[in-house]
Each structure stands twice: as C-alpha cells, then as structure tokens.
Amino acid sequence: MNVLVLNCGSSSIKYQLLEMGENPEVRAKGIVERIGLKMGCLAHKNDRNQKYETETEVPNHTVGIKLVLEALTNKEHGVIESLDEIKAVGHRVAHGGEFFTQSVLITDEVIAKIKDCCDLAPLHNPAHLLGMYAMKDVLPTVPQTAVFDTSFHQSMPASSYMYPLPYSLYEQYKIRRYGFHGTSHKFVAEKACKILGWDIKDKKIITCHLGNGASITAIKYGDSVDTSMGFTPVEGVMMGTRTGDLDLGALLFIMEKEKLSISQANSFINKECGTNGFSEISSDMRDLQDEAKKGNERAILTLDMYAHRVKKYIGSYAAVMNGVDLIVMTGGIGENSDVIRKMVLTDMNYLGVEFDAVKNTDLRGTDATISKSDSKVKIMTITTDEELVIAMDTVKLVFG
Ligand code: AMP
C-alpha cells in the first residue's frame, strides 16, 4: 500500500512515496521549490535511482501537487501506474498548539484548529494548510492525516512548559513551551527500546536529536516530560544557525546597538547565530571538525561550546527524571559525529554513564550501542526517519 508523505512549506513541497508493509520502502522522493515565484522547479528521484528535474511555472500549491503526482505516475521516472494506488496522504504539521496530543485524520474541525495555530507558527502552518487544500482539490476521496511536531510533548507537566511570565500572557496568547521534533524523539526512543527488548513504560530516556536544528527530550515512562525547544524552535541547545538559550537581555542590547527591527532580530537569532555565526566558518559540523583538527582555535571553541551545552541538558534531564536508563543520539550529528558524541558523553560516570570510545568509532550498523557492557546507563545511536513515522501513523489512522 502506497502512502504519500508531504511536508509543505510556503514556497516548497517535499514529498516521499512509501510502500508500507512489514518492511516499508521509499519508492520515490523529491521536492518542488520556488512556488509562487517566476519559475518553479521539481527534483524527483525514484527507487530505480532515476533522477528527473524540470523547470516550470508553479503559481500555487495545487499546481505543485499536480506536478508531484505527474512525476509519480510518469511512464519513465514514475513508480505507480495510476493515482488510485495512493491510498492515503500524511502531512507533517509544525504546530498543533494545545489541541493535538497525537496524529489525526484531517476533517473540517481539524483544519479549523490548525488554522487557529497559525499565529504560533506563521511561516509553517499556513503553508501546511495550502498543501491540505491542494491535495483535497486533486485527490478528494483519498484520506489525509496530520502528524504534528509538537504533539508528543503535550504530555509535559505545566512546571516544564510554563514560562515565568505574567500568567495573563499564557491565557491571552498561549505563550508557553511546546517543543518540536516530537515525531523523531518518540520514534528513536521506541526503536531503541524495541532493540533492547525494554518496555518504554518502565524506562527513563534522554533523546538527543542533533541535526542542523537540535533538541533534547526527557522521556519518563514513555511520556515527554521536558524538552529543550520552547515556544519556538530557537530555545535550547546551540544549533547550526540558531542561538539556542540566550540571555534575553543580550538580545535587547544587540537590538538597540545594531538598530534591529523585530523581523531583523528574528532573522538574526534564527539564521545568523549558532555554530555558523559564532565560528564564522560554517554551520556544517563536518567543516568545523575538519578545521578543529587543523588547529583552528575558533572551531575548537565552537565544538567545546556545542558539547558543553548538550552535556548540560543531559545532566539537567537526568535530574528532572531522578535518573536515566538510556541516552539516544540521533539526527545528522548525533548519528554521524563520533567526535561530538565523545565530547558529550565522556566524564559522565557520576551518572552511571560509561562511554565506550572504541564502539563509538567502530559502529556496527547504524543503530548501535556505544556504552560499555557494564554501563548502568545504555547509550545508543539510532537513525531517525520522520517521513516513516508520518507514513506509519497514517496507516494506523486510516486502516486501523
Ligand atoms: P540533519 O539536520 O539531521 O540533516 O543534520 C545535519 C548536520 O549533520 C550537519 O551539521 C552535518 O554537518 C552533520 N553531519 C552529517 N554527517 C556528518 C558526519 N559524518 N560527521 C559530522 N557531522 C555530520
């Protein structure tokens, strides 16, 4: 059974067609970009490794979706004969506010609630809605689902998600911590427990999703009880271009000195800071590691800061849960950077974490244990796959 997964941005549509079953497989994936601009484009790749690229006018999301469906059914580079073979569509949705604690089938009521959350994710939710409308236009009878980045974290207690702001601001604007990357945190925690033969309901887990965007989550007995991203994805650990935690007073000082408007300040903290801004080298961890190896002092300090901040969250989440049984590293950096893993996870024996430096560099498979066999706390690297989670949730919702 084929499930189409869509991640619609304001000017782009990322897609994957997955054949679901015992061993789900990606049949095709690609991206439509520059929607609404003079000339749009599509880049498509199928499971026979054939690539197809085209430039054409894509004035809106409906035309973009039609382009995707045309690529999927094309005689040469397509992977299905007819659109009837698409049994369901799953949408990634950035923000479900306080409405959604899990993935849902899309109905008029769901659309209205996603609309209500547009204020909280002004760049993302309106674009997701355009994708849903466009899909309904083109394939009106195919069931659609919404899978939210925020829903897994709705289990956080108020003591974790409230900010020390006047309570009226929460009541009026719903300003609180929501957290993101929920699909990834849930997926890797469950996958690790499955591999270890553990019941997640008995365990305390810290999941570190370290990619270009990064967040860390404390999962107690299967529920997210704290996470490092907050009202927006800027809070938390240092990221590729986002600050992570920063003294608000420093931002106000910078805004005054540099005469930044609110939108310039927003762009600054999201796009010009983090490892890229601080190092003035790159947001890419591989470049920073290469430079550090050559002795570049700024690159060395950037790596030290990055690891220090991740370590701090792990320590604080162990404190929040009164212990930890498993630490999971995932995302582009968590899965691939033995350097960062080593910097973060050594000297944590006070917690019962015994890191194995040999296993760390000599990973056996992509999902691997990198703690010593007698370590009280297990450490694992687990590959994440957000599209697969969306497809799996979609199958569950549509077909039971
Ligand atoms: P993501 O956003 O999850 O795709 O992760 C992107 C980040 O992963 C970038 O900072 C990459 O530099 C980093 N990354 C990918 N492969 C490696 C690697 N082999 N070593 C270190 N960092 C890596």
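May I ask you to list the residues of region 306-346 whose amide nitrogen lies under 16 Å from a point 7 Å from Cα along the Cα→beta-carbon direction of Arg286?
Once the point is set 7 Å along Cα→Cβ of Arg286, 331-340 turn out to lie under 16 Å by backbone N, inside region 306-346.
Can you say what percent of the DSSP beta bridges in the chain, counting only those with both residues inside, are antiparallel? Round to 5.
The antiparallel fraction comes to roughly 70 percent.
If you roll a 1.4 Å probe over the chain with all protein chains in place, what percent of the accessible area is carbon or sulfur?
Ligands and nucleic acids excluded, carbon and sulfur reach 51 percent.
If one computes P(r) from the Cα atoms of region 11-84, what percent of pairs lie at distances over 16 Å?
Considering region 11-84, 46 percent of its Cα-Cα pairs are separated by more than 16 Å.
Pull up all non-local amide H partners of Gly90: gap of 5 or more, or a different chain, and H-to-H distance under 5 Å with H placed in the peptide plane.
Leu4, Val5, Leu6, Thr145
Beyond 13 Å, what percent of the Cα pairs of region 100-142 remain? Show your work: numbers first, answer last.
Details: 510 of 903 pairs.
Cα-Cα pairs in region 100-142 separated by more than 13 Å: 56 percent.
Just the C-alpha atoms of region 128-211: what Rg/Rh do they give, with Rh taken as the Kirkwood radius?
Ratio of gyration radius to Kirkwood radius for region 128-211: 1.10.
So if we plug the beta-carbon distance of Lys342 and Asn23 into 1/(1 + (r/R0)^6) with R0 = 35 Å, what FRET efficiency do we get, rounded to 0.05?
For Lys342 and Asn23, the calculated efficiency is 0.60.
Residue by residue through region 19-34, what is 3J(HN,Hα) from phi via Karplus (6.51 cos²θ - 1.76 cosθ + 1.60, θ = phi - 60°)? Round to whole Hz and write x for glycine and proline.
8, 8, x, 4, 10, x, 10, 7, 7, 7, 8, x, 8, 9, 10, 6
Once the Cβ-Cβ distance between Asp137 and Thr101 is put in as r, and R0 is 25 Å, what FRET efficiency do you end up with, to the nearest 0.05? Walk me through the numbers on the way to the answer.
Values: r = 29 Å, r/R0 = 1.17.
E between Asp137 and Thr101, to the nearest 0.05, is 0.30.
Rounded to whole Å and sorted largest first, what semi-axes of the equivalent ellipsoid does the C-alpha gyration tensor of region 261-318 yield via the square root of 5 times each eigenvalue?
22, 19, 8
How large is the helix-only mean residue ellipticity at 222 nm for the chain, computed as the sum of -39500 (n - 2.57) over DSSP H runs with n ≥ 4, divided by its residue count, in deg cm²/dmol to the nearest 500?
-11500 deg cm²/dmol
At most 14 other Cβ atoms within 10 Å and a DSSP loop assignment: could you name the chymotrypsin sites (Phe, Trp or Tyr not before Pro) in region 137-239 that fit?
Numbers: sites: Phe148, Phe152, Tyr161, Tyr167, Tyr170, Tyr173, Tyr178, Phe180, Phe187, Trp198, Tyr221, Phe231; in loops: Tyr178, Phe180, Trp198, Tyr221, Phe231.
In loop regions of region 137-239 (DSSP not H, G, I, E or B), the sparsely surrounded chymotrypsin sites (Phe, Trp or Tyr not before Pro) are Tyr221.
What accessible surface, in Å², does a 1.4 Å probe find on Lys342, ignoring ligands, DNA and RNA and rounding to the nearest 10?
For Lys342, the solvent-accessible surface is approximately 100 Å².
Given N residues in region 166-258, what is its alpha carbon radius of gyration divided by 2.2 N^0.38 Å?
1.32
Want the number for Glu57 to Thr232: 0.36 nm per residue separation, take away the alpha-carbon distance, what's left?
Result for the pair: 59.7 nm of gain on full extension.
Let me check I have the definition right: for the chain, take the eigenvalues of the Cα gyration tensor, multiply each by 5, take square roots. What are those semi-axes in whole Å, largest first?
Gyration-tensor ellipsoid for the chain: 34, 26, 23 Å.
Reported to two decimal places, what Rg/Rh ratio describes region 1-125 when computed on Cα atoms with Rh from the Kirkwood expression?
0.99
Using the structure shown, select from Lys14/Lys136; Lys29/Lys396; Lys29/Lys191; Lys293/Lys372; Lys220/Lys342; Lys14/Lys66 the pairs with a Cα to Cα distance greater than 19 angstrom.
Too far apart for the 19 Å limit: Lys29/Lys396; Lys29/Lys191; Lys293/Lys372; Lys220/Lys342.
Pick from Ala28, Ala94, Ala43: which residue has the top mean-square fluctuation in a GNM of the chain where Cα pairs under 10 Å get a spring?
Ala43
The values are calculated or read from the model by the stated rules, or taken from the named source; none is laboratory data. These numbers come from a predicted model, not from an experiment. Because the Cβ atoms are built from the backbone with ideal geometry, glycine has one as well, and the counts that use them run over all protein chains shown. Heads up: the accessible areas ignore ligands, DNA and RNA and are worked out on the full protein's heavy atoms, side chains in. Shrake-Rupley method; radii C 1.70, N 1.55, O 1.52, S 1.80 Å.
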